[in-house]
Amino acid sequence: MSLLARVNKDVSAITPYEPGRPIEEVARELGLDPETIIKLASNESALGTSPRAVQAMHEALGTSYLYPDGGAWLLRNKLADRYGVDRSQVIVGNGSNEILEFVGHCFLNRQTSAVFSAHAFVVYKLVSVLFGARMIEVPMNDDLEHDLDAMLAAIEDDTSVVFLCNPNNPTGTMVDAAAVERFVEAVPENILVVMDEAYAELALRPMPDSIGLAKRKPNVLVCRTFSKAYGLAGLRLGYGLGAAPLVEALQKARQPFNVNLLAQVAGTAALDDDDFVAAGRQLCEESKVQLESGLDAMGLGYVPGFANFMLVEVGDGAGVTGRLQQAGVIVRPMGGYQLPTYIRVTFGTREQNQRFLTTLKAVLA
Ligand SMILES: *Cc1c(COP(=O)(O)O)cnc(C)c1O
């Protein structure tokens, strides 16, 4: 057998994740000045990085020769305080994506299935395939919202995990908070419910009491991240909150030093940066109004989003993405999400949003 034929089937079956393209790469490819390019493709913070985090990292740079605290005590204590849980109920990851992978290590295999919405965050699919679990993809309703009743009905005997992304990426839609709470309560307690709340701090509709559910129920894991509202995407830092026995199981799947020293320091400092988060949320609110009215004026359809991004209906999503890119505006095509007529645009600053609208208008003319 050749070497490559030996690659584990579940791994070779994976279609690689398509990230938003980096500014430098696009600049090189198109011969553009990087300064003239804006990236609205990965739902990153429009306000940059939390200044408190930057300051803390500056102070910690010289200690980079040391291994980080493998238990991430300071950071986990701080998160525990903030949410009124015990440190044993908090796990940190190299991005919340890593927490999703821990879920796979613990709960997904060839004898299990995972339930999630079609058009939900693609990492649920990646993790399911990686661990050989069967995927049960549930159609969304006509407004591209989770169909919670259908998701509940889709659970089968071998289902071990249900992934619920709220606000949902890439659609930006949010489900009613009380309906989410009823849904989570209705899932049998031997099935894990992953409440992926990457955009919780920016959400423009009420969030469900996910933390309350995680405190009360043994099968609820709330996943959040520092990548979006705190502007730390480049550091890779996320966390999960759940019952202590659940978190203890997940901890076993973790490598000893999975979260690096700078990320721990930055995250700990960023948690105090309420002003930064509030400003981001405010900008998110204003951007929604600005972009929706701009798109209305152009007569374009869109999916009203409740986080820092939205889907815009442009016809040929891949083609429009390419033409926007040539004009220095990077957005995300949605073919990989079976939404080929849409592009996903991340909310930028007021100027960036305007540039997006103007460029889109030119590209579609
Ligand atoms: C951005 C995002 C994440 C966060 O990923 P990190 O690994 O923490 O950067 C998780 N879930 C969803 C739905 C996201 O959009």
Of (1) open to solvent by 50 Å² or more (accessible area, probe 1.4 Å); (2) out of contact with any Gly (no Cβ under 9 Å at 6 or more places or on another chain); (3) touching a residue at least 40 places away in the same chain (Cβ under 8 Å), Tyr83 satisfies every one except (1)
When every residue in segment 180-208 that is more than 15 Å from the ligand (Cβ to nearest atom), touching a residue at least 60 places away in the same chain (Cβ under 8 Å) and not basic (Lys, Arg) is compared, the one least open to solvent (accessible area, probe 1.4 Å) is Leu192
Counting only residues in segment 209-242 that are over 14 Å from the mean Cα position of the chain (by Cα) and open to solvent by less than 10 Å² (accessible area, probe 1.4 Å), the one nearest to Asp273 (Cα to Cα) is identified as Leu241
Next on the checklist: Taking the criterion of being under 30 Å from Val7 (Cβ atoms) and in contact with a Ser or Thr (Cβ under 9 Å, 6 or more places away or on another chain), would at least one residue in segment 72-92 satisfy it?
Outcome noted: no
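For every residue, the table says whether it meets (1) more than 24 Å from Asn169 (Cα to Cα); (2) open to solvent by less than 50 Å² (accessible area, probe 1.4 Å); (3) in contact with an Asp or Glu (Cβ under 7 Å, 6 or more places away or on another chain).
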{"site": "Ser12", "(1), (2), (3)": "yes, no, no"}
{"site": "Asp33", "(1), (2), (3)": "yes, no, no"}
{"site": "Thr36", "(1), (2), (3)": "yes, no, no"}
{"site": "Ala41", "(1), (2), (3)": "no, yes, no"}
{"site": "Ser45", "(1), (2), (3)": "no, yes, no"}
{"site": "Ser50", "(1), (2), (3)": "no, yes, yes"}
{"site": "Gln55", "(1), (2), (3)": "yes, no, no"}
Going through segment 14-31 in order, the residues found to be open to solvent by 80 Å² or more (accessible area, probe 1.4 Å), part of a helix (DSSP H, G or I) and closer than 19 Å to Ala318 by Cβ are Glu29
Subset of segment 98-139, residues closer than 18 Å to Thr225 by Cβ and among the charged types (D, E, K, R), comes to Glu98, Glu101
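How about segment 81-90: which of its residues are farther than 18 Å from Tyr230 by Cβ and not small (Gly, Ala, Ser)? First the steps, then the outcome.
Initial filter on segment 81-90 (farther than 18 Å from Tyr230 by Cβ): 84-89.
Once the filter is applied, which keeps residues that are farther than 18 Å from Tyr230 by Cβ and not small (Gly, Ala, Ser), segment 81-90 yields Val85, Asp86, Arg87, Gln89.
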Checklist entry - Are any of the residues in segment 51-64 within 16 Å of the ligand (Cβ to nearest atom), within 23 Å of the chain's Cα centre (by Cα) and either in a helix (DSSP H, G or I) or of a type in the set (S, T, N, Q) (or both)? => result yes
Residue set Lys78, Lys39; condition among the charged types (D, E, K, R), modelled with pLDDT of 95 or more and within 21 Å of the chain's Cα centre (by Cα); output residue Lys39
Only one of (1) open to solvent by less than 10 Å² (accessible area, probe 1.4 Å); (2) free of Cβ contacts under 8 Å to residues at least 60 places away in the same chain does not apply to Ile91, and that is (2)
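The values are calculated or read from the model by the stated rules, or taken from the named source; none is laboratory data. Just so it is clear, the model here is predicted, and its values are computed rather than measured. Quick reminder, even Gly has a Cβ in these numbers, built from the backbone with ideal geometry, and neighbours come from all protein chains shown. Only protein heavy atoms, including side chains, enter the accessible area calculation; ligands, DNA and RNA are left aside. Shrake-Rupley method; radii C 1.70, N 1.55, O 1.52, S 1.80 Å.
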